[in-house]
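Rule-based calculations on the coordinates, nothing more; no lab input. Note that this is a predicted model, so its numbers are computed, not measured. So basically every Cβ, Gly included, is an ideal-geometry build from the backbone, and we count neighbours across all protein chains shown.
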Amino acid sequence: MTRISISKLLHKDKALFLAYDQGMEHGPTDFNAKNVDPQFIFDIALEGGYSAFACLPGVAEKHYEGAYKDVPIIVKLNASTKLAKINPISRQICSVERAIKAGASAVGFTIYDGSPNEPDMFHEFGKIVEQAHDYGLPVVAWMYPRGPNINELDNNVLSYASRIGMELGADIIKVKFNGDVDNLRWMVRCAGRTKVVISGGDRKDPLTFLTEAKKVMDAGVLGMAVGRNVWQAEKPYSITQALKAVVYDGKSSAEAVQYLQSGR
């Protein structure tokens, strides 16, 4: 069996992914006149020194070129919108081969475990893992519990999601943090050799965001996958430098906050 390396997605053996898949999942309401332009986000990823950039195939095919290719990209292979009033499901929209042509260093896939449509997503994901690994590509799974009677931030639900990601063959899983550090440590244990990155989630004030980043890094995760807390910020490059200090260099939030006072 070929051992899949995730090293290309890391810096200083840590992960700091800039995510820009919200345009499909949430719609343009997340954007303003600046961040609606993918080039603006790619500039942040490149100049900011993110270890990887996550996007859907359309963004990759039309904007991943020139100097941007210095930043590895994770191309997401499935998607959904908030428009359809159905049980949570995210179906495949892009093949592994198409993602490779777009320049992918890894592929991503969202799974809404707990949804009545869970079996369909599991089935598609299993084939994607097999195909991606045949090409030597790592697979990143967005493990987001969602569905009727599912409390997506419940400790047991989150740790179950972590285990499911490992059992399905993901190399990295992206999960949410509910504030319980002890449970996050258990989630890392449940994931075995599959690495864990934490979703940045909704926009928070910078100090709260950096404090949370320090907590999750100290719990033993590989890193963070952030989006709105960076490209919605007034100073996206400043918050990037502060976040890098925490994730890459192990600085405290109090030490990192100094970066918020300067730059753009």
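Of the residues ILE173, PRO206, ALA219, the one whose Cα sits farthest toward the positive end of the charge dipole of the range 170-220, with +1 on the Cβ of Lys and Arg and -1 on the Cβ of Asp and Glu, is ILE173. Electrostatic bookkeeping for ALA132 treats Lys and Arg as +1 and Asp and Glu as -1; over the other residues with beta carbon under 15 Å from its beta carbon, the sum is +1.
Lys/Arg Cβ at +1, Asp/Glu Cβ at -1, dipole of the range 7-261 taken about the Cα centre: which of SER162, THR29, ILE239 is farthest positive-ward? So the residue furthest toward the plus end is ILE239.
Sequence-distant contacts, meaning Cα pairs under 8 Å at least 6 residues apart, place the relative contact order of the range 7-261 at 17 percent.
Using the Cα centre as the reference, give the magnitude of the dipole from point charges on the C-beta atoms of the chain (Lys, Arg: +1; Asp, Glu: -1; all else neutral), rounded to the nearest 20 debye.
So the dipole magnitude of the chain works out to roughly 240 debye.
For LEU153 and TYR135, the difference between the fully extended length at 0.36 nm per residue and the C-alpha to C-alpha distance is 3.0 nm. Dipole of the chain computed with +1 at Lys/Arg Cβ and -1 at Asp/Glu Cβ about the Cα centre; of ASN87, HIS63, LEU46, farthest Cα towards the positive end is LEU46. For P(r) over Cα pairs in 10 Å bins from 0, in percent, the listed values are (1) 6, 26, 34, 26, 8, 0; (2) 7, 32, 39, 20, 2; (3) 7, 30, 34, 21, 7, 1, 0; which was obtained by calculation from the structure presented? Of the labelled values, this structure produces (2).
Helical runs assigned H by DSSP (4 residues or longer) give the chain a calculated mean residue ellipticity at 222 nm of -11000 deg cm²/dmol, each run adding -39500 (n - 2.57) before division by the residue total. Counting charges near ASP120 (Lys, Arg +1; Asp, Glu -1) among other residues having Cβ under 13 Å from its Cβ returns a value of -1. Computed from phi, the 3J(HN,Hα) profile of the range 147-157 under the Karplus parametrisation 6.51, -1.76, 1.60 (θ = phi - 60°) reads x, x, 6, 9, 8, 5, 10, 5, 3, 5, 5 Hz, with x in place of Gly and Pro.
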